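Data first, discussion second: the structure below is written as structure tokens.
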Amino acid sequence: MIHLTNITRQHGSQILFQNASFQILAGTRTGLVGPNGAGKSTIFRLITGEEEPDKGEISCAKKTVIGYFSQNVGDMAGRSALEEVMAASSGVLQLGEQMREMETAMGQAMEEDEMAALLERYGNAVEEFEHRGGYDLETRAQALLTGLGIGPEDFHRPVETFSGGWKMRIELAKILTLNPDVLLLDEPTNHLDVESIIWLEEWLTGQFKGALLMTCHDRDFMNRLVSRIIEVGNRTVTTYSGNYDFYLREREIRREQLLASYRRQQDMLAKEEEFIARFAARPSHSAQVQSRAKKIEKIERIELPPEQKVIKFEFGEPPRSGDDVMAVDNLAKIWPLPDGKSKPVFSGITGLVRRQEKIAVVGVNGAGKSTFLKVLADQTEPSAGSVKVGANVGTGYFSQHSMELLSPEKTVFETVQDAIPQATIGVVRNLCAAFLFQGDEVDKRIIHLSGGEKSRVVLATLLACPLNLLILDEPTNHLDIQSREILLEALRKFTGTVLLVSHDRHFLRSLVTRVFEIDHGEMRVYEGDYRYYLRKSAELKNAACA
């Protein structure tokens, strides 16, 4: 379907890839991976024609429809959510209008040849209309919106009234409604909760028949959908046949093999260069010296790819808290609304958080998970009930709002230094370096940082303090897979207590020892890990349906 052959692309002085080739064939499911800045988004833009290669060719089969979902949502206004989604399929709507015009024309008298030509055009239009799902376009748009968490009560709500995260869902529904031949997804799970992620996973597996190329920081999502990985990095593109876990294993094997070949070549070159240096001045060996010099000039030198930078840190040993870290009694929260009414979030919540527990707070979107964490972290007052904090508890709180509270004009160094004002410059720099801010990068101002960089700054400021209770609301949201793995390992080793909300199922499955589920304003406690919660909650749902 789409062939990229010997592609070279350079941004300024940075060569992203040289003579790179790969194909996207019908029905293939491919994950696109690589470090930030390696050129993943450039690959998407080359395929869509937004950018042109400096060298090489890109060929695409005729009439191939490409759907591209990126993190850049344009202006949305003047339509309802449903109208906005259907507007993306304007070509299908126009095709339907043309079919109706041709149907009208068929009722008119005309020459036999003219009628034959009209019937042929009509047949082609019907075939294309069916292929694009024109007959069930509105039904499909409604189903996609519902699956992504926007129910029938919001179909006719103006798009401008939705927040940025919900606009992302509308944008994703627009691309999926296109029913494209090739679907390009750039981080589709970033603004989705677990339920929507699972729904999208099932839709792409069962309903979507086209080719898929995607980037994603959700390891489970990637593993369950793709059967091929394309790695962008070190100025080249490398293909692996398998899912993400297979890619990690195979990449390590290939790197070890490359390292062994590199060492053998270095040993050989050292011996040849030693011979040349030793006998260069002897006329009796001049022919041999020249022969060996020409030999090593012609050898293609093996280059080792640079090690990918990842977050490297460990939490220090926190001070010991009391065994009962936090007791919640009959807790309730009601948000006041602008019209004078109020919105109840939860009520009657009672529970106990014990030392060294790793607790996941789960529930459907809008259940009140983030509000619950805010109350526990003393970021908002409860409407009723109480939160009793145990002895010697030092609390650290992370949320997307924490990123917004960073002072935009301060540098990374200044922000981290504010958290540990008594520390030396060397200690501050070392902490910044642990979160990938090295050299001049510590002088970057917060206003110029990406979402992932801001997340790392906030995590660095948390790490700087001797805390024994971490309350984390979506700490992995802007981190790539490798950074998530490092954070996961650090939290596993952390000897304090953790409460967190996350939509990363791999993260939850690998970390938590207990689950609090908020459901219809009440809390249910599961005394087991995330797998136990999934099993027991499924049993409860099945029993309720029986």
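Okay, here's what the table says:
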read-out: Residues (assigned to a loop (DSSP other than H, G, I, E, B) and of a type in the set (Val, Ile, Thr)) located in the stretch 460-518; value: Thr476, Thr495, Val512, Thr513
read-out: Identity of the residue in the stretch 510-535, without any contact (Cβ under 8 Å) to a residue 40 or more places away in the chain and in contact with a helix residue (DSSP H, G or I) (Cβ under 7 Å, 6 or more places away or on another chain), that ends up farthest from Phe221 (Cα to Cα); value: Tyr526
read-out: Residue that is nearest to Gly451 (Cα to Cα), among those in the stretch 403-419 that are under 26 Å from the mean Cα position of the chain (by Cα) and exposed (fewer than 12 other Cβ atoms within 10 Å of the Cβ); value: Glu404
read-out: Check on Leu25, more than 26 Å from Val159 (Cα to Cα) and within 22 Å of the chain's Cα centre (by Cα); value: no
read-out: Test result for Gln422, free of Cβ contacts under 8 Å to residues at least 12 places away in the same chain and exposed (fewer than 12 other Cβ atoms within 10 Å of the Cβ); value: yes
read-out: Any hit, the stretch 425-436, residues being in a loop (DSSP other than H, G, I, E, B), over 21 Å from Glu474 (Cα atoms) and either assigned by TED's automatic domain parsing to the domain that holds Val353 or at pLDDT 95 or above (or both); value: no
read-out: Residue within the stretch 56-70 that is assigned to a helix (DSSP H, G or I), of a type in the set (Asp, Glu) and more than 30 Å from Leu192 (Cβ to Cβ) present; value: no
read-out: Strands (runs of 3 or more DSSP E) enclosed by the stretch 1-44 - at least 3 residues per element that are β-branched (Val, Ile, Thr); value: 2-11
read-out: First in the stretch 11-24 and touching a residue at least 24 places away in the same chain (Cβ under 8 Å), second anywhere and of a type outside the set (Val, Ile, Thr) and surrounded by fewer than 14 Cβ atoms within 10 Å (Cβ to Cβ), Cβ under 7 Å, 6 or more apart; value: Asn19/Asn6; Ser21/Asn6
read-out: Among (1) over 25 Å from Thr476 (Cα atoms); (2) in contact with a Leu (Cβ under 6 Å, 6 or more places away or on another chain); (3) at pLDDT 95 or above, the one test that Ile349 misses; value: (3)
read-out: Count of residues meeting criterion [exposed (fewer than 12 other Cβ atoms within 10 Å of the Cβ) and not charged (D, E, K, R)] in the stretch 87-105; value: 3
read-out: Thr205, sole failed condition from (1) crowded, with 17+ Cβ neighbours inside 10 Å; (2) under 30 Å from Ser483 (Cβ atoms); (3) not charged (D, E, K, R); value: (1)
read-out: Residue count for the stretch 393-413, restricted to those that are touching a Ser or Thr at 6+ places or on another chain (Cβ under 8 Å) and over 21 Å from Asn477 (Cα atoms); value: 2
read-out: Sole exception among (1) within 14 Å of the chain's Cα centre (by Cα); (2) in a helix (DSSP H, G or I); (3) within 26 Å of Met1 (Cβ to Cβ) for Pro188, by number; value: (2)
read-out: Cross-chain or 6+ apart pairs with Cβ under 8 Å, the stretch 50-72 first and closer than 16 Å to Thr236 by Cα, then surrounded by 11 or more Cβ atoms within 10 Å (Cβ to Cβ) and of a type in the set (Lys, Arg); value: Pro53/Arg9; Asp54/Arg9
read-out: Any hit, the stretch 219-242, residues being at pLDDT 90 or above, of a type in the set (A, V, I, L, M), part of a helix (DSSP H, G or I) and farther than 24 Å from Ile302 by Cα; value: yes
read-out: Candidate set from the stretch 466-509 (those that are among the charged types (D, E, K, R) and within 18 Å of Phe221 (Cα to Cα)); member that is surrounded by the most Cβ atoms within 10 Å (Cβ to Cβ); value: Asp504
read-out: Test: residue in the stretch 247-260 that is under 20 Å from Val33 (Cα atoms) and either buried (at least 22 other Cβ atoms within 10 Å of the Cβ) or of a type in the set (Gly, Ala, Ser) (or both); value: yes
read-out: Residues located in the stretch 437-459, provided they are in a helix (DSSP H, G or I) and farther than 20 Å from Ser399 by Cα; value: Gly439, Asp440, Glu441, Val442, Asp443
read-out: Entirely in the stretch 265-379, the strands (runs of 3 or more DSSP E) that have 3 or more residues that are in contact with a Pro (Cβ under 7 Å, 6 or more places away or on another chain), assigned by TED's automatic domain parsing to the domain that holds Ser510 and surrounded by 11 or more Cβ atoms within 10 Å (Cβ to Cβ); value: 324-336
read-out: Any chance Glu357 is in contact with a Lys or Arg (Cβ under 6 Å, 6 or more places away or on another chain) and acidic (Asp, Glu); value: yes
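The values are calculated or read from the model by the stated rules, or taken from the named source; none is laboratory data. Since the structure is predicted, the reported quantities are computational estimates derived from the model, not experimental observations. Note that we place each Cβ from the backbone using ideal geometry, even for glycine, and neighbour counts take in every protein chain shown.
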